[in-house]
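*Asks:* Here you go, one structure.
The values are calculated or read from the model by the stated rules, or taken from the named source; none is laboratory data. Because the structure is a prediction, the values reported are computed rather than measured. Glycine gets a Cβ as well: all are built from the backbone with ideal geometry, and neighbour counts include every protein chain shown. The area values use the complete protein model at the heavy-atom level, side chains included, leaving out ligands, DNA and RNA. Shrake-Rupley method; radii C 1.70, N 1.55, O 1.52, S 1.80 Å.
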Amino acid sequence: MSASAGMGPGEAEALDGEEMSEEEEVSRDWTPQEKALHEARVKAKAKYRVRRTSSRDSESSETPADIPTPQGKGHDRKSRMGKGRGLPKKGGAGGKGVWGAPGQVYSYQEPDAHDPNYDESAQGDTVYQKVVPELDEAGLQTAVQPMVQEYFEHGDTGEVVALLNELNLGSQSPGVPRLAVSLALEGKASHRELASRLLSDLAGKVLSEEDIARAFDRMLSDLPDLILDTPEAPQMLGQFIARAVADHALPLDFLARYKGRVDCEHARAALDRAAVLLRIKREIIRLDNVWGVGGGQRPVKHLIKEMNLLLQEFLISGQVSEAERCLRELEVPHFHHELVYEAVVLVLEGSAEGHVLMAVKLLKSLWESGLITLDQMNRGFRRVYEELPDLSLDVPHAHSVMEKLVDLCYKEGVITQQLRDQCPARGRKRFVSEGDGGCIKE
């Protein structure tokens, strides 16, 4: 079939004209170079004619109306990459602005809090609750130790209960009594009394009896370590146990649980101490005096009696260190002016030269150690100054002894010059009968 079959009349004639001219040119005598160039030019013209005729044919060709088109061919979503099954995306329910497949009915679904359109106020009443994480052992040490140390200063168990209720103790509940007792063992007798009261008040409110029992179980097993810092730990722990059982903070059968099951000698000593105290005090509901009475809670008369005994023992033994220890154990720094007053009055009533020197020695030692402050020292001497007229009625030489004592205290640096000049014994008037009753001023 000729190449001019599918061309129009004008195109065929032009093509025949070109072919004839080419044949005429071939009949010439060509050099090899001219012949190769001519052949290349003819091939290029042939390719150009093929491209031009193919594009013209595609534009002019029309699909006949009677030729059937495959159904859905225009909406074919088959992947050009050869992937997928050629089905509509999301089963026909996808696309922009589409609510779903036709005829689909949605049931109720729970709102998702992570949905960007989630409206919290439309979900009904909202309950806000504070979530406190459970304490671990390190957190318990950090939170409870300052609380107990502050309690030893103010003694208010209600405040400790309120603070502990704000914490989530969880499994660390036995750590509270263990920490309180451990700190009290290293403290004073008043601290141990406060610790026993704290255990009694926490039982049933913050801690159960079993929590406190587990705390003492742990401390009994830790006694070999506790005695390194507190040699008297077994006896003190036994007193804590006895007081807790008497206060119903520990189960009544706590000691019976250990009967015949204790191998540690320190734990056995603590339990024996508790058993002895409970046996002696079996008719008393509470062992209130197991730690003695705290300084701030003692009656004034009792404190005065204790200080008089301290001074009398010092005048006999002359041991200043023992007197300082006894004064510290009283734990009444606000009442030390009473010791100064009693010491001066004791010297005035004794009127002995040795007593004056020993009183000055004691006051100087207490002053230098800082046990008696300047305010307490001044207050004790001023009390004696005010009562000196009444004391002189019973002690005729009270003024002279007082003047001597004040001068010695000033020389030793116990009192200030201002306090010495305020002494009524200095610059006093002595009336002496001479003939007609003259007056001589010293």
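*Asks:* Among the residues of the range 144-161, write down those that are of a type in the set (D, E, K, R) and under 19 Å from the mean Cα position of the chain (by Cα). Can you show your working first?
*Replies:* Initially, the range 144-161 is screened for residues of a type in the set (D, E, K, R), giving 150, 153, 156, 159.
Across the range 144-161, the qualifying residues are Glu150, Glu159.
*Asks:* Would you please list the contacts, defined by Cβ atoms under 7 Å and residues six or more apart or on different chains, that run from a residue in the range 246-271 that is closer than 16 Å to Arg218 by Cα to a residue that is assigned to a helix (DSSP H, G or I) and basic (Lys, Arg)?
*Replies:* Partner pairs satisfying both residue conditions: Val262/Arg268.
*Asks:* Consider Gly427 carefully, then state whether it is modelled with pLDDT of 85 or more, in a loop (DSSP other than H, G, I, E, B) and out of contact with any His (no Cβ under 6 Å at 6 or more places or on another chain).
*Replies:* Working: modelled with pLDDT of 85 or more: no; in a loop (DSSP other than H, G, I, E, B): yes; out of contact with any His (no Cβ under 6 Å at 6 or more places or on another chain): yes.
Considered against the rule, which asks whether it is modelled with pLDDT of 85 or more, in a loop (DSSP other than H, G, I, E, B) and out of contact with any His (no Cβ under 6 Å at 6 or more places or on another chain), Gly427 comes out as no.
*Asks:* Now for a different question. Restricting to the range 250-274, name every residue that is touching a Leu at 6+ places or on another chain (Cβ under 8 Å) and closer than 19 Å to Ser200 by Cα.
*Replies:* Of everything in the range 250-274, those that are touching a Leu at 6+ places or on another chain (Cβ under 8 Å) and closer than 19 Å to Ser200 by Cα turn out to be Leu255, Ala274.
*Asks:* On to the next question. If I ask for residues that are touching a Leu at 6+ places or on another chain (Cβ under 7 Å) and open to solvent by 40 Å² or more (accessible area, probe 1.4 Å), which ones from the range 158-169 would you list? If you could, list the steps in order and put the result at the bottom.
*Replies:* Initially, the range 158-169 is screened for residues touching a Leu at 6+ places or on another chain (Cβ under 7 Å), giving 160-161, 167-169.
Across the range 158-169, the qualifying residues are Leu167, Asn168.
*Asks:* If a residue has to be open to solvent by less than 10 Å² (accessible area, probe 1.4 Å) and either out of contact with any strand residue (DSSP E or B) (no Cβ under 7 Å at 6 or more places or on another chain) or free of Cβ contacts under 8 Å to residues at least 12 places away in the same chain (or both) to count, how many in the range 170-184 make the cut? Before the answer, list the steps.
*Replies:* Within the range 170-184, the first condition is being open to solvent by less than 10 Å² (accessible area, probe 1.4 Å), and the residues that meet it are 175-177, 180-181, 184.
Filter once more, so that each one left must be either out of contact with any strand residue (DSSP E or B) (no Cβ under 7 Å at 6 or more places or on another chain) or free of Cβ contacts under 8 Å to residues at least 12 places away in the same chain (or both): 175, 180-181, 184.
Of the residues in the range 170-184, 4 are open to solvent by less than 10 Å² (accessible area, probe 1.4 Å) and either out of contact with any strand residue (DSSP E or B) (no Cβ under 7 Å at 6 or more places or on another chain) or free of Cβ contacts under 8 Å to residues at least 12 places away in the same chain (or both).
*Asks:* Here is a further query. For Leu330, indicate whether it is modelled with pLDDT under 85 and farther than 23 Å from Pro396 by Cβ. Lay out the reasoning, then the answer.
*Replies:* Numbers: modelled with pLDDT under 85: yes; farther than 23 Å from Pro396 by Cβ: yes.
Yes, satisfied.
*Asks:* A further question on this structure: Given the criterion open to solvent by less than 40 Å² (accessible area, probe 1.4 Å), of a type outside the set (Gly, Ala, Ser) and out of contact with any Asp or Glu (no Cβ under 7 Å at 6 or more places or on another chain), identify the matching residue among Glu193, Glu210, Glu150. Before the answer, list the steps.
*Replies:* Details: Glu210 fails: open to solvent by less than 40 Å² (accessible area, probe 1.4 Å); Glu150 fails: open to solvent by less than 40 Å² (accessible area, probe 1.4 Å).
Among Glu193, Glu210, Glu150, only Glu193 is open to solvent by less than 40 Å² (accessible area, probe 1.4 Å), of a type outside the set (Gly, Ala, Ser) and out of contact with any Asp or Glu (no Cβ under 7 Å at 6 or more places or on another chain).
*Asks:* Please count how many residues of the range 237-270 are of a type in the set (A, V, I, L, M), open to solvent by less than 30 Å² (accessible area, probe 1.4 Å), out of contact with any Gly (no Cβ under 9 Å at 6 or more places or on another chain) and in a helix (DSSP H, G or I).
*Replies:* Number satisfying all stated conditions: 7.
*Asks:* Could you run through the range 221-233 and say how many residues are open to solvent by 10 Å² or more (accessible area, probe 1.4 Å) and in a helix (DSSP H, G or I)?
*Replies:* 7
*Asks:* Still on this structure, I have one more. Within the range 343-401, which residues are open to solvent by less than 50 Å² (accessible area, probe 1.4 Å), part of a helix (DSSP H, G or I) and of a type in the set (Gly, Ala, Ser)?
*Replies:* Matches in the range 343-401: Ala343, Gly350, Gly354, Ala359, Ser365, Gly380, Ser392, Ala398.
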